[in-house]
Amino acid sequence: METKKLNKITALWIVAILVLFILSIILGIIMRLNQGELIKIQPPTFYADMTTHGVTMIGIWFVAGMAAVNYFMERYVKTSYTANMFAMVMTVIGVVMLWLSTLVGNFHAGWTFLYPLPFKIMWSTWATPLFLWSIGVFGIGWFVWTISLMAAMLKKYSMSQVLAWQHFGKKDPEVSTPPFVLISMISLIGVLTCLIAAVILLILLFAEYYSGGTFKNDALLIKNLTYFFGHTIANEMLYLGLAVIYELFPEVSGRPKLKTTWYVALAWNLTLFFVLAAFFHHLYMDFVQPEGLQIIGQLASYLASLPSSGVTVFSIIVVVFRNKINWSLTNSLFFIGIVGWVVGGVGAVIDATISNNFILHNTLWVPAHFHTYNAMGNVLFSLGFFHWFSKYATNHSLPDKYSFVKLAILIIGGVGFLLAFYIAGADSVPRRYSTYPKGLESAKTLAAVGGVFAIVYLTGILSFFVNISKRCLNVLFQRS
Amino acid sequence: MFKRTFSTLLIILLISNYNSIANNLYDKQDWREEEGIYTRIYDAKIKLISGEQTSIHQLAAKKPLIVALVFTRCAGVCNPLLLQLKENIQIILRKNQYKFSVLVLSFDPLDSLKDMQNLAYRFNLLNEPNWELAVVDSISSMTKSVNFFPVWDMRKKQYDHDALLVGVNTQGYITKKLIGLRSADEISLLISDINNVYRPSYRLPTPANMFTCFNYDPKTGKNTPGWGLAFIALPALLTVGILAFLRLRGKYHS
Ligand code: HEM
């Protein structure tokens, strides 16, 4: 793809993502302040906001990872501009449909739209099909993009090379697979699988919706498919961010490129297989699910996360330990992001352990851990890339101003916001409550405190937004 | 040509309607225990045989209720329903520590308090602490709220109705229903349920459920894998296929 075209589309992605991010954070703050009883919104509005916030956040941080991977992939193989543009158009259409269905049609079944909620219509009747079609539109755009990136890689690398199997047992194989290519491919395979699960899920839901009651779904099957899609995409988007870190972290730190070793190859291959079975941990409370699958869920949760996070942390330590590092805003964001990812990951593994899940299931512990590796993990990975890209593409070489202040605001806001979730979760406060009933006074206070810290986090994000988007708009409107 | 098109259309029409026909038959033959669950029972005024006036919600607020619907001239299922219920409750009380009352309500407007007292006497329930018998004020609103629709048979001078037990929790919500004469185990589950204790239960298959993960057979109590499970494996299988195709295509082009 021509560099200018690639720069322009990447800049467009960045601006769109940041605008949607800010709007979604505002929805998040409204929810938290309502739970803290500092403001008052009606429960259906709360749940419509929650649905909009959840789907938009997952969607934008997924496409953020994809846009960054597509950008660096061009260093190794030729990628398709048409597929990238098609995904952009479909994402924009999907977002419009989604926001109409939730904010105008008041669809509010949550980001997991767990069956049979979409069909228990408590909103405009048109909102259910519009919401489901919006997911379909996202799915088609992202499916085409994923396939096109995979096809580009598989033109150059064989299946075993792209998965770095030649690194097992050999120290210096003839063809060395760059870690970026390996992790991107592993993530894209997972993305493809979960998008297929989404297609099957949507076909089954549409079959019920349009059959007029003659076809009914099996709730257990739909729940399995929903989490196959939802849990997997939420994980894969993190891995896309990590692929970028493997590529960019040493580069901006002034260190040699990271190389694939046998243990990096092994850890990521384990992730490939086990992340696809980890979603079973969402069904621990479903007694009809056979016990074997529950045990697979727990083991897969460990095996998908521990090796890959182990080797990633090890690789980052290798880069920074006793080495002179050119610390900049980009690698600082990456570094803090890795810490957030690991902390959130530990929270997730605690929850994925069956004996703990009996206590933590559907408490605020769940939003606590997934907000940690998203708001203080994946968001920072992408923000690091956005910052780097906006400077690189505009040949901006001046040092960053107020980096320390910006990072401090982001960390203080983020940590305070997350702690409020963790403390409430450990105290068994339920998640997805619009307001808390009598007897949960501490939950209200924590929500209010969390909301205030979220405003601090938003301030930090706005400070990044101004500079990054200004530079990205310059890239967009540059004459070719 | 016309014949072939017509017969193809006919086959498509039949296949697409099979489920709906089967479903309607199923609905007619079967009363549905899941109908009206988590709705509140109508808060009718009732008069207990002790002479006390109260309402269903007030009584439920003291202890969760098992409501049994009968009429005193009943020559059908009412007697076996009450006899078996009494026997089962005695078995349950030996093991179950949960609180509950059985409220026997007449749905026949001709029944008087005296008739209900006689009924209690006949079944030896006058001194049973867990039993209350009563007549009710607004019969039709109450029966409608629990989806119980007795039909008067002029010829037999009897109501045609099913044996129904309705579990009501302390807030007046119907949390479980049992239709027909049921075992002590099932009534014990109902008692746990009205005490807000979680009890697993299996959905019974209907012709409209084509792709189920597991099929529960209530006769054997066994759960066998169903076609739905294949859908969970399908994404991974299709991905392998797509990868193989992309690689072959890539090899060909390069
Ligand atoms: C400061 C920024 C953010 C704020 C204030 C915020 C706030 C919230 C709140 C209050 C909830 C509902 C919690 C509950 O269950 O009671 C929520 C749910 C959620 N948030 Fe965030 N959030 C933020 C950032 C993010 C980010 C970066 C992501 C990225 C993926 C994200 C994804 C989600 C998802 C998926 C849900 C679940 C929605 C559902 O249950 O349907 N949030 N958020």
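Computed from the coordinates by the stated procedures, all read-outs in this text should not be read as laboratory data. As the structure is a computational prediction, the values presented were derived from the model and not from experiment. Heads up, the Cβs are rebuilt from the backbone with ideal geometry, glycines too, and the neighbour counts pull from every protein chain shown.
Under 26 Å of direct C-alpha separation, and excluding same-chain neighbours fewer than eight residues apart, A:LYS444 reaches these lysines: A:LYS40.
Dimensions of the range A:42-313 based on its C-alpha atoms, expressed as ranges along the principal axes with the largest first, amount to 60, 44, 33 Å. Quick check: pseudo-label points 7 Å beyond the Cα along Cα→Cβ at A:ILE22 and A:HIS396, how many nm apart are they? It works out to 1.4 nm between the two label points. Along its first, second and third principal axes, ordered by size, the range B:32-200 spans 44, 33, 30 Å in Cα coordinates. Taking every alpha-carbon pair in the range A:69-228 and binning the separations at 10 Å intervals from zero gives 10, 31, 27, 18, 11, 3, 0 percent.
At 0.36 nm per residue, and after removing the present C-alpha to C-alpha distance, how many nm does the segment from A:PHE314 to A:LEU299 gain when stretched out fully?
Working: separation 15, 0.36 × 15 = 5.40 nm, distance 2.23 nm.
Fully extending the segment from A:PHE314 to A:LEU299 adds 3.2 nm.
Of B:SER183, B:SER101, B:SER201, the residue with the greatest mean-square motion in the GNM of chain B, using alpha carbon springs below 10 Å, is B:SER201. Here's the picture: a label point sits 7 Å out from the Cα of A:SER211 along the beta-carbon direction, and within the range B:213-247 the residues with their amide nitrogen under 14 Å of it are B:213, B:227-228.
Assuming R0 = 45 Å, what is the FRET efficiency of A:THR353 and A:ASN326, from their Cβ-Cβ distance, to the nearest 0.05?
Given R0 = 45 Å and the Cβ-Cβ separation, E is 0.65.
Report, to the nearest 10°, how far helix A:329-352 tilts away from the longest principal axis of the Cα atoms in chain A, using its own Cα long axis and a range of 0 to 90°. For A:329-352 against chain A, the angle is about 40 degrees. Modelled spin labels at B:ASN118 and A:ARG75, positioned 7 Å past Cα toward Cβ, are 9.5 nm from each other. For the range A:13-70, what is the Kirkwood hydrodynamic radius in Å, using each pair of distinct C-alpha atoms? The Cα-based Kirkwood calculation yields 12.1 Å.
Taking a point 7 Å from the Cα of B:LYS156 along the Cα-to-Cβ direction, the residues of the range B:54-72 with backbone N closer than 16 Å to it are B:70-72.
For A:ILE455 and B:GLU87, a Förster radius of 60 Å and the Cβ-Cβ distance give a FRET efficiency of 0.40, rounded to the nearest 0.05.
How large is the Kirkwood hydrodynamic radius of the range A:102-176, counting all unique pairs of alpha carbons, in Å?
Values: mean 1/r = 0.0626 Å⁻¹.
For the range A:102-176, inverting the mean 1/r across all distinct Cα pairs yields 16.0 Å.
For the range A:293-416, the normalised intensity computed at q = 0.11, 0.16, 0.22 Å⁻¹ comes to -0.48, -0.87, -1.28 (log10 of I(q)/I(0), Debye sum over alpha carbons, equal scatterers, no solvent). Under Stokes-Einstein, with the Kirkwood radius over Cα pairs as Rh, the value for the protein assembly as shown at 20 °C and 1.002 mPa s is 73 µm²/s. Once the gyration tensor of the Cα atoms in the range A:325-480 is diagonalised, the equivalent ellipsoid follows with semi-axes of 35, 17, 13 Å, ordered largest first. Cross-link partners of A:LYS259 among lysines, defined as those whose alpha carbon lies under 16 angstrom from its own and excluding same-chain residues fewer than eight positions apart: A:LYS170, A:LYS171. For chain A, the longest principal axis of the Cα atoms and the long axis of helix A:43-73 meet at an angle of about 20 degrees. The C-alpha atoms of chain A define a longest principal axis, and helix A:291-320 lies at about 40 degrees to it.
In this calculation the C-beta distance from A:PHE168 to B:ASN196 is compared with R0 = 56 Å, giving a FRET efficiency of 0.55. Applying a 4.7 Å Cβ-Cβ cutoff to the protein assembly as shown leaves A:CYS194, A:CYS472, B:CYS213 as cysteine residues with no disulfide-compatible partner.
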